[in-house]
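One structure is given below, encoded as structure tokens.
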Amino acid sequence: QVQLVESGGGLVQAGGSLRLSCAASGRAISGYHMGWFRQAPGKEREFVAVIRKMSAVTFYADSLKGRFTIARDNAKNTVYLQMNSLKPDDTGVYYCVAALNYSGRQSANYPYWGQGTQVTVSS
């Protein structure tokens, strides 16, 4: 099965930017829909973005459109999340996810998860 490892998290000031990376191994991500979820302490995981495996069509949480961009580089077997104009509410653990079939924005639709990378936005 595919294994996912996130990197690129850290501490950033409000208004700043971060680029998260998700390195996949074991399987080619070209065969998977890839996405990102995030979770703040004590809160439920929430959908961030997804990129389809064939069309590369992207979908975002409405509140994140215009600030976050998901991209995939199938040759490098890597998925990215570019985060701009960061706000303190963006703080949380960001998870890379994968699914063979696209069934929507619910976390249960994504069987494969990375361990997460911490993003902290200070004000």
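The values are calculated or read from the model by the stated rules, or taken from the named source; none is laboratory data. None of the values given here were measured: they were computed from a predicted structure. Reconstructed Cβ throughout: ideal geometry from the backbone, glycine too, with neighbour counts over all protein chains shown. Areas reflect the complete protein model, heavy atoms only, side chains present, ligands, DNA and RNA absent. Shrake-Rupley method; radii C 1.70, N 1.55, O 1.52, S 1.80 Å.
Tabulated results
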| read-out | value |
| --- | --- |
| Output for segment 74-99, where each listed residue is touching a Phe, Trp or Tyr at 6+ places or on another chain (Cβ under 6 Å) and among the aliphatic types (A, V, I, L, M) | LEU81, MET83, VAL97, ALA98, ALA99 |
| Which numbered condition GLY26 misses (of (1) closer than 16 Å to TRP113 by Cβ; (2) within 14 Å of the chain's Cα centre (by Cα); (3) of a type in the set (Gly, Ala, Ser)) | (2) |
| Checking GLY104 against (1) part of a strand (DSSP E or B); (2) open to solvent by less than 40 Å² (accessible area, probe 1.4 Å); (3) more than 18 Å from GLY42 (Cα to Cα); (4) not acidic (Asp, Glu), the condition it does not meet | (1) |
| Residues of segment 88-101 that turn out to be over 18 Å from LYS43 (Cβ atoms) and in contact with a Gly (Cβ under 9 Å, 6 or more places away or on another chain), as a count | 4 |
| Per-region count, segment 108-123, residues open to solvent by 20 Å² or more (accessible area, probe 1.4 Å), out of contact with any Cys (no Cβ under 9 Å at 6 or more places or on another chain), of a type outside the set (Ser, Thr, Tyr) and in a strand (DSSP E or B) | 1 |
| Condition check for TYR94: among the aromatic types (Phe, Trp, Tyr) and either within 21 Å of LEU11 (Cα to Cα) or exposed (fewer than 12 other Cβ atoms within 10 Å of the Cβ) (or both) | yes |
| Some residue of segment 51-61 being out of contact with any His (no Cβ under 9 Å at 6 or more places or on another chain) and within 11 Å of ALA98 (Cα to Cα) | no |
